[in-house]
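Asks: Let me give you the structure first, and then I'll get to my questions.
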Amino acid sequence: MDLYFDPMPLLDDDARKAFRGQWSERTWLNVPGPFYGADTDNCGTGRIHAPGLVLYEADHFTEYVYRQPRTAEELADLVEAAEAEAFGGYGCDGDAH
C-alpha cells in the first residue's frame, strides 16, 4: 500500500490548462497540497463534478478544495471541476508554496 498518492505525474498538459488559479488569491480554507481554489465563481459546479473534494465557503459561495485527490478517478473529477469553473480559479501549484 502506498502512503502517498502523487497526482501531478498524471496531469497532462491539457488538464493543466484548466488550473489557472493564482496562489496569492487562494481561499484560506483549502487543505495543503497541490490543488486549491482561488478566485472561483459562485455557480456551484465544483460539487457536481468532485463532490468528495470540493466545498463552498459561506460568505461568497466560492469553491475550495477540502480534500486532495487520492486516486486517479478523484483526480479526473477535480480536473472536471476545474474545467467547469468559469473563472479558471483552481490552481495546481500548491506544493511549490
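The values are calculated or read from the model by the stated rules, or taken from the named source; none is laboratory data. Everything quoted here is computed from the prediction, not taken from an experiment. Because the Cβ atoms are built from the backbone with ideal geometry, glycine has one as well, and the counts that use them run over all protein chains shown. Quick note on the areas: whole protein, heavy atoms, side chains included, nothing else; ligands and nucleic acids left out. Shrake-Rupley method; radii C 1.70, N 1.55, O 1.52, S 1.80 Å.
Asks: Taking into account only those residues within the range 48-78 that are open to solvent by 40 Å² or more (accessible area, probe 1.4 Å) and aromatic (Phe, Trp, Tyr), which is nearest to residue 29 (Cα to Cα)?
Replies: Here the residue is 66.
Asks: A follow-up question, please. Can residue 81 be described as in a helix (DSSP H, G or I), open to solvent by less than 20 Å² (accessible area, probe 1.4 Å) and among the small types (Gly, Ala, Ser)? Step through it out loud before you land on a result.
Replies: Details: in a helix (DSSP H, G or I): yes; open to solvent by less than 20 Å² (accessible area, probe 1.4 Å): yes; among the small types (Gly, Ala, Ser): yes.
Spelling it out, residue 81 is indeed in a helix (DSSP H, G or I), open to solvent by less than 20 Å² (accessible area, probe 1.4 Å) and among the small types (Gly, Ala, Ser).
Asks: Moving on. Among the residues of the range 86-94, are any out of contact with any strand residue (DSSP E or B) (no Cβ under 7 Å at 6 or more places or on another chain) and free of Cβ contacts under 8 Å to residues at least 40 places away in the same chain? Even if it seems obvious, please write down each step before you answer.
Replies: Residues of the range 86-94 out of contact with any strand residue (DSSP E or B) (no Cβ under 7 Å at 6 or more places or on another chain): 86-88, 92-93.
Now restrict to residues that are free of Cβ contacts under 8 Å to residues at least 40 places away in the same chain: none.
Scanning the range 86-94, I find no residue that is out of contact with any strand residue (DSSP E or B) (no Cβ under 7 Å at 6 or more places or on another chain) and free of Cβ contacts under 8 Å to residues at least 40 places away in the same chain, so the answer is no.
Asks: Here is a further query. With respect to residue 44, is the statement that it is closer than 25 Å to residue 9 by Cα, open to solvent by less than 40 Å² (accessible area, probe 1.4 Å) and of a type outside the set (Asp, Glu) true?
Replies: Criteria not met by residue 44.
Asks: If I ask for residues that are farther than 15 Å from residue 32 by Cα, open to solvent by less than 40 Å² (accessible area, probe 1.4 Å) and over 9 Å from the mean Cα position of the chain (by Cα), which ones from the range 85-97 would you list?
Replies: Just the residues of the range 85-97 that are farther than 15 Å from residue 32 by Cα, to begin with: 85-89.
Narrowing the set further to residues that are open to solvent by less than 40 Å² (accessible area, probe 1.4 Å) leaves 85, 88-89.
Listed by number, the residues that qualify are 85, 88.
Asks: Moving on. Give all pairs with beta carbons closer than 8 Å in which a residue from the range 41-67 that is at positive phi meets a residue that is open to solvent by less than 60 Å² (accessible area, probe 1.4 Å); count only pairs at least 6 apart in sequence or on separate chains.
Replies: 44/56; 61/44
Asks: A follow-up question, please. If you scan the range 35-56, which residues turn out to be touching a helix residue (DSSP H, G or I) at 6+ places or on another chain (Cβ under 6 Å) and assigned to a helix (DSSP H, G or I)?
Replies: 46, 49
Asks: Also, I was wondering about something else. If I ask for residues that are closer than 12 Å to residue 94 by Cβ, of a type in the set (Gly, Ala, Ser) and touching a helix residue (DSSP H, G or I) at 6+ places or on another chain (Cβ under 6 Å), which ones from the range 1-34 would you list?
Replies: 33 - this is the single residue of the range 1-34 that is closer than 12 Å to residue 94 by Cβ, of a type in the set (Gly, Ala, Ser) and touching a helix residue (DSSP H, G or I) at 6+ places or on another chain (Cβ under 6 Å).
Asks: Oh, and also: Confirm whether residue 18 is assigned to a helix (DSSP H, G or I), within 12 Å of the chain's Cα centre (by Cα) and at pLDDT 95 or above.
Replies: No: the conditions fail for residue 18.
Asks: Could you tell me which numbered condition residue 70 fails, if it satisfies all but one of (1) in contact with a helix residue (DSSP H, G or I) (Cβ under 8 Å, 6 or more places away or on another chain); (2) in a loop (DSSP other than H, G, I, E, B)?
Replies: With (1) in contact with a helix residue (DSSP H, G or I) (Cβ under 8 Å, 6 or more places away or on another chain); (2) in a loop (DSSP other than H, G, I, E, B) applied to residue 70, the lone miss is (1).
Asks: What number goes with the only condition from (1) exposed (fewer than 13 other Cβ atoms within 10 Å of the Cβ); (2) outside any loop (DSSP other than H, G, I, E, B) that residue 32 does not pass?
Replies: Result: residue 32 passes all but (2).
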